[in-house]
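Take a look at the structure below.
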Amino acid sequence: MPDNRLDEEISEILDGLDKLPEPAKRRTSARKQYLRQLASTVSNSQRAIARKLSLVSVGQLMLLSFLIIVASVFLRRFIPLTGQWTLLAGIVLFVSSFTIMIFGGAQSSRGQYWRGRQIESRSSSLLSKLRKRISIPRRKNR
């Protein structure tokens with residue numbers, strides 16, 4: 001009886017060997033696995049770069065753009081083509097960081113601190129003052 005069950009299991013295993021995937025399918029699955037690993041590696045490196053870039057503030061970007069513009073003035077004398085492209089890159093960086101600073105990017109959830117204490121700004125920004133001045137007062141329904 002135990003030999004009969006063993007023979008059945010062996011025959012089931014041998015029957016399963018006929019159902020193995022073809023070599024072409026095995027190659028495609030190996031490619032898919034390689035692509036998944038590659039995508040995972042790229043994704044992890046993008047997350048690491050994003051974490052490092054999140055440490056840079058908008059003010060630091062504006063300072064960097066100013067330094068790039070000043071450096072391009074000096075580079076223009078020695079390498080004219082590089083100086084022009086560097087100036088253009090500095091201007092683009094300055095305009096984009098200035099736009100982010102004015103119209104707001106992601107607001108900091110930490111708040112503002114002065115001498116170790118959190119402060120609240122009671123004065124409204126220039127943009128909100130302009131909006132108040134431009135907006136038409138609403139009439140009350142009587």
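Where a number appears in this text, it was derived from the coordinates with a stated rule and is not lab data. Everything quoted here is computed from the prediction, not taken from an experiment. Ideal geometry is used to build each Cβ from the backbone, glycine not excepted, and the neighbour counts take in all protein chains shown.
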Query raised in the report: Say each of A71 and V56 gets a label point 7 Å from the Cα, pointing the same way as Cα to Cβ; how far apart are those two points in nm?
Result: 1.1 nm
Query raised in the report: Roughly speaking, what is the stretch gain from L6 to E120, that is 0.36 nm per residue apart minus the C-alpha to C-alpha distance, in nm to one decimal?
Result: 33.1 nm
Query raised in the report: What are the principal axis extents of the Cα atoms in segment 46-100, in Å, biggest first?
Result: 38, 23, 13
Requested in this report: Find how much the distance from S45 to S128 grows on full extension, using 0.36 nm per residue of separation minus their present alpha carbon separation; answer in nm with one decimal.
Outcome: 25.9 nm
Requested in this report: Starting from the Cα of F98, step 7 Å toward the Cβ, then list every residue of segment 62-80 with an amide N under 18 Å from that point.
Outcome: 62-73
